[in-house]
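Let me begin by presenting the structure, written as structure tokens, before commenting on it.
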Amino acid sequence: MSVQVPTTLSEATVEGISAARDEPDWLLEQRLDALAALDDLALPDVIQTPGRRWTDLESLDFESLVDPDNQSDTTERSDAEGATVLSFEEALDDHEALIKEHFGSIVDPKRNYLTALSAALFTTGTVVYVPEGVDAADVTIRAEMNSRSLFSHTLVITEQSASATILESITSGDSVPADSDAEGRYFSNIVEVVAGENSYVQYGSLQNLDEDTYHVTLKHAETDTYATANWIEGNIGSRLTRSDVETSLAGEASESKIVGAFFGHEDQHLDVNARVWHENENTTADLVTRGVLDDVARSVYEGVQDVGEDAWNTNSYQRENTLMLSDESEADASPKLIINNHDTEASHSATVGQVDAEDMLYMTSRSIDPNTARNMLVEGFFVPVLEEIDVEEFREDLSELIIERLD
């Protein structure tokens, strides 16, 4: 079912966004193509069982949430010696041919309604380009959303034997103007990663938007031969999060790890998805996600390991665990193995449960008050995920947010 296109959107709107940034004609054409596709595109698939859709995206009021002419952000980017780290707008001046080659090559703008909306309207984002043999160790992107709606597009390109570690944080800045009748904010974040031969990319994203914000992100990497693309995804804020983190292991002997953590409370809803496609032989993937829910928060998790017919000698593993701190919270998990090649070693598991009563009894019987005991158990629950994060700064930031939520 297609979605109603907001009346605030028109060709003139898109042309105005492009003209304000002095964009080349080819990019304007891609924006207009995405806009024209909106009438026929559906929202992303969500898990559903008879009589129930696990996430309600149909209720999003794009007419109210999307204000394309008033997008504002404050974004700070660190430099990396030998690499290019620029805003999307600045990068077009110096690397137009490179961007033209890769923009939209990993995430099809017309994949669904949300990707097309973002492709038509994005006004912010970052281009990270790491030439052959360069090590860009500490690239940081700190973004602050200062408007009702904001659309961002990030493109990462690593050439042969290059490496990049990118840490992105997303927070809320100025509130929606007092005279606004919108009942929320909307943030869209698309990330494309092109991992060249024998290159290494690690992309960490930590989202702590205010809880009036609807947050949609799609991150996808494609690996060349011997390349590695690792993701770290932390979701703490927002009213509703739809997070898709994906890797296509297109090159022989390429690898990917997707590490996710979330902590929902009050009435937050988190729809978290990790997917990997094994498209070539000798590829390896590891998907690790842990989440905690309190109050009436709800989580939905889907993990997919898709092993293609040509993916000989595949290794693919998946683990997801959700801990519920209240009887009113709710969690669903749907791990999936799709195996089309018998030369595969793969496993998947998912658990959902309450804090262990015996652990609580053990700790309280030793004079630890119940609240402290519970918090200690939650911190311990996240340790296996934190240990998978080898970037100290990211690990510490996520730990601090978890402790703040517990307090």
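The values are calculated or read from the model by the stated rules, or taken from the named source; none is laboratory data. This structure is a prediction, so every number in the text was calculated from the model and none was measured. Because the Cβ atoms are built from the backbone with ideal geometry, glycine has one as well, and the counts that use them run over all protein chains shown. What goes into the accessible areas is simple: the full protein's heavy atoms, side chains included, and nothing from ligands, DNA or RNA. Shrake-Rupley method; radii C 1.70, N 1.55, O 1.52, S 1.80 Å.
Tell me, which strands (runs of 3 or more DSSP E) lie completely within the range 312-407 with 2 or more residues that are touching a helix residue (DSSP H, G or I) at 6+ places or on another chain (Cβ under 9 Å) and over 23 Å from N230 (Cβ atoms)?
Answer list for the range 312-407: none.
Could you tell me how many of the residues in the range 20-42 are part of a helix (DSSP H, G or I) and either open to solvent by 30 Å² or more (accessible area, probe 1.4 Å) or closer than 22 Å to S87 by Cβ (or both)?
Number of matching residues: 14.
Pick out the one residue from V193, V201, V216 that is under 20 Å from the mean Cα position of the chain (by Cα), modelled with pLDDT of 95 or more, of a type outside the set (G, A, S) and over 29 Å from L43 (Cα atoms).
Sole residue among the options that is under 20 Å from the mean Cα position of the chain (by Cα), modelled with pLDDT of 95 or more, of a type outside the set (G, A, S) and over 29 Å from L43 (Cα atoms): V201.
Can you go through N230, N282 and tell me which one is within 14 Å of the chain's Cα centre (by Cα) and open to solvent by 10 Å² or more (accessible area, probe 1.4 Å)?
Only one candidate passes the filter, namely N230.
Listed here are the residues, each with its yes/no results for (1) loosely packed, with under 14 Cβ neighbours inside 10 Å; (2) among the aromatic types (F, W, Y); (3) at pLDDT 95 or above.
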site: Q318; (1), (2), (3): no, no, yes
site: D332; (1), (2), (3): no, no, no
site: S349; (1), (2), (3): yes, no, no
site: E358; (1), (2), (3): yes, no, no
site: S365; (1), (2), (3): yes, no, no
site: P370; (1), (2), (3): yes, no, no
site: V385; (1), (2), (3): no, no, no
site: I389; (1), (2), (3): no, no, no
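Exactly one condition in (1) within 16 Å of L117 (Cα to Cα); (2) assigned to a loop (DSSP other than H, G, I, E, B); (3) of a type in the set (A, V, I, L, M, F, W, C) is false for I17; which is it?
Going through (1) within 16 Å of L117 (Cα to Cα); (2) assigned to a loop (DSSP other than H, G, I, E, B); (3) of a type in the set (A, V, I, L, M, F, W, C) one by one, I17 breaks only (2).
Given the criterion open to solvent by 40 Å² or more (accessible area, probe 1.4 Å), assigned to a loop (DSSP other than H, G, I, E, B) and closer than 18 Å to T154 by Cα, identify the matching residue among D79, D45.
D79
Of the residues that sit in the range 1-54 and are over 17 Å from R111 (Cβ atoms) and in contact with a strand residue (DSSP E or B) (Cβ under 8 Å, 6 or more places away or on another chain), which one is modelled with the highest pLDDT?
W54
Please enumerate the residues belonging to the range 10-40 that are hydrophobic (A, V, I, L, M, F, W, C) and either closer than 12 Å to P68 by Cα or in contact with a helix residue (DSSP H, G or I) (Cβ under 7 Å, 6 or more places away or on another chain) (or both).
Of everything in the range 10-40, those that are hydrophobic (A, V, I, L, M, F, W, C) and either closer than 12 Å to P68 by Cα or in contact with a helix residue (DSSP H, G or I) (Cβ under 7 Å, 6 or more places away or on another chain) (or both) turn out to be A12, V14, I17, W26, L27, L28, L32, A34, L35, A37, L38.
G104: within 30 Å of V300 (Cα to Cα) and either open to solvent by 40 Å² or more (accessible area, probe 1.4 Å) or not in a helix (DSSP H, G or I) (or both), yes or no?
The answer is yes for G104.
Within the range 125-146, track down each residue that is over 16 Å from I166 (Cβ atoms) and either open to solvent by less than 20 Å² (accessible area, probe 1.4 Å) or among the polar types (S, T, N, Q) (or both).
Listed by number, the residues that qualify are M145, N146.
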